[in-house]
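Structure first, then comments.
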Amino acid sequence: MALTLLALVLQHPLVARTLQPGPPRRAARARRVVAAADVAPDFAESPAANTYVGDESVPPGPYAVSWLATDQGKDSEKWIEFDERHYMSMVQDKPRTDAFVRALQERLAAFPPGTATVLDLGTGPYALFARAAMDFGARKVYAVEAVPESAARAREAVALAEAAPQCPVTPGSIEVLEGFSTDVELPEKVDVLISEIAGSIASEEGVYATIVDAQRRFMKRPRDPGSYVPFSYQTLGAPATDLCHHSGGADPTAPCLRIPSEDATLRMLADPLLVEDIRFAGDAPANGSVDEALAWRVDPDRVAANEAHFRAILEPNREAVEEDGLDVERLARDVSRSLSGIALWPRIVFDEAGTHVYDTRGPTGEQQLSHWPTVLPPLAPRPLPVAPGAVVTATWSTDLRDGQVSTPIRYSLLCDIAAEAAAAPAMG
């Protein structure tokens, strides 16, 4: 019966996910109706999905979860790579692309035309930012791409630009280099670095190792924020409830879920806090662990709004929900008072003042369209009951391991829930 409820949830027009694992950064635009047969039977038919979380016996905390940056629902250490669909989703994310291009133009405006040197890290198959740098007056661009197929296509894109009569790129002014930036050599230091290697958790595509190396080997002014596009990558986090998780749609063996940012079934229980703030001109650790203590108070107003939201999703299928032995009003109340895990998503900051920002979710965690999905590592196979006003604490750890860009970072969360009166930590 749980299968029926999950299939109904996934077929709602505001639900934008499948149950198939995807790469760390995937296209989040395609909406797909998922048939019941698509749901893996080993977890979708769990009888627990037909009960209310508030009625279940819950083991005491704390609750721990750990995963690799490359995890795609499996314990894999294969490096992050993208296919054509992923690259196109990035380019077609117009607010993201426009924000990078605008910031690059502003940085290069500080140099006399034909004098600036630029390093484009992760240029992709289109060499988009490398070509834009030439349009904005750069003298030379070094475009680095780790994926061999993408590097080959970037060379083709550059050759086409060089041959275009309407806006020619001077032959040799863009040089495509294949490999991780930590493995390549440049004949000179550069004035500006542009890099779009923010993961769905900002650090998961190797930005720590990249910054440490680039500051040391490539930058003329490594501590000048004006030398970089963007200014920083950030990760935001908030406790969240997920209707699909509640309905039996989260594989308990998967260390983390990657949910399209516009999916309506994931809702925040509190305002987000800053989990990572990685500044390109700042100090970046070369290895070891980066830890952060966090605490959120579950917002009663959000809980009430979430209850109404989930009720609206469930109401059109009231009869089928009741056939599953559940009540729409009680189910909506139960989901709104459930904790699936700490939702995590990236934000790109383009200037030191923080006035030019690209948000992958709304400022307080609202759903919105972005090619970056939201990461949700479930704390347990079933959501945990949580009351309005309760305090959710988390110890966040980013294990950089050996500090090499090719070694996937290991993330971990240790979370607990306390009644408001018993909670001591100050809220962030």
Karplus-derived 3J(HN,Hα) from phi for the range 274-287 (6.51 cos²θ - 1.76 cosθ + 1.60, θ = phi - 60°), whole Hz, x at Gly and Pro, runs 6, 9, 10, 9, 9, 9, 5, 8, x, 7, 10, x, 7, 6
Just how large is the dipole of the range 250-314 about the Cα centre, in debye to the nearest 20, putting +1 at every Lys and Arg Cβ and -1 at every Asp and Glu Cβ? 220
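Hey, with R₀ at 41 Å, roughly what FRET efficiency would Asp402 and Val357 work out to, going by the Cβ-Cβ distance, to 0.05?
After rounding, the FRET efficiency stands at 0.80.
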Asp327 paired with Ala418, simple spin-label distance in nm, labels 7 Å along Cα-to-beta-carbon: 3.4
Would you please give the residues with an amide H less than 5 Å from that of Phe180, counting only those at least 5 places away or on a separate chain, with H modeled from the backbone geometry? none
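Just subtract the alpha-carbon distance of Ala305 and Ala163 from 0.36 nm times their residue separation and send over the number in nm, one decimal.
This chain segment gains 45.5 nm when fully extended.
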List, in order, the whole-Hz ³J(HN,Hα) value for each residue of the range 193-206 obtained from phi through the Karplus relation with A = 6.51, B = -1.76, C = 1.60 and θ = phi - 60°; use x for Gly and Pro. 10, 10, 8, 10, 10, 7, x, 5, 9, 3, 7, 6, 9, x
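In whole percent, what relative contact order does the range 145-268 give with Cα contacts below 8 Å and a gap of six or more residues? Display every interim value, and only then the final one.
Working: 102 pairs, mean separation 23.6, N = 124.
The normalised contact order for the range 145-268 reaches 19 percent.
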Label model pair Asp271, Thr395: point-to-point distance (7 angstrom along the Cα→beta-carbon line) in nm is 2.7
Lys/Arg +1, Asp/Glu -1 at C-beta; the range 301-428 dipole; positive extreme among Pro383, His309, Thr355: Thr355
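Could you order the peptides 93-100, 329-336 from most to least packed, using the average number of other C-beta atoms within 10 Å per residue?
Values: 93-100: 16.5, 329-336: 20.4.
Ranked from most to least packed, the peptides come out as 329-336, 93-100.
Would you kindly state how much longer the chain becomes between Gln92 and Ala64 on full extension, computed as 0.36 nm times their sequence separation minus their alpha carbon distance, in nm to one decimal?
Values: separation 28, 0.36 × 28 = 10.08 nm, distance 3.66 nm.
Extending this stretch completely gives an extra 6.4 nm.
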Which residues qualify? For Arg361, with a placed amide H closer than 5 Å and at least 5 residues away or on another chain, they are none
I want to check the label-to-label distance for Asp291 and Glu366. Put each point 7 Å from Cα in the C-beta direction and report it in nm to one decimal. 3.7
So who's got an amide H within less than 5 Å of the one on Ile174, skipping anything under 5 residues away but keeping other chains? H placed 1.01 Å off N, in plane. Val141
Applying the Karplus parametrisation 6.51 cos²θ - 1.76 cosθ + 1.60 with θ = phi - 60° to the phi angles of the range 335-348, what ³J(HN,Hα) value in whole Hz is obtained for each residue in order, glycine and proline being reported as x? 5, 5, 10, 10, 10, 7, x, 9, 6, 10, 8, x, 9, 10
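Each value in this text was obtained by applying a stated rule to the coordinates, not by laboratory testing. Since we're looking at a predicted model, the values are computed, not measured. Methodologically, a virtual Cβ is constructed for each residue, glycine included, from the backbone with ideal geometry; neighbour enumeration extends over all protein chains shown.
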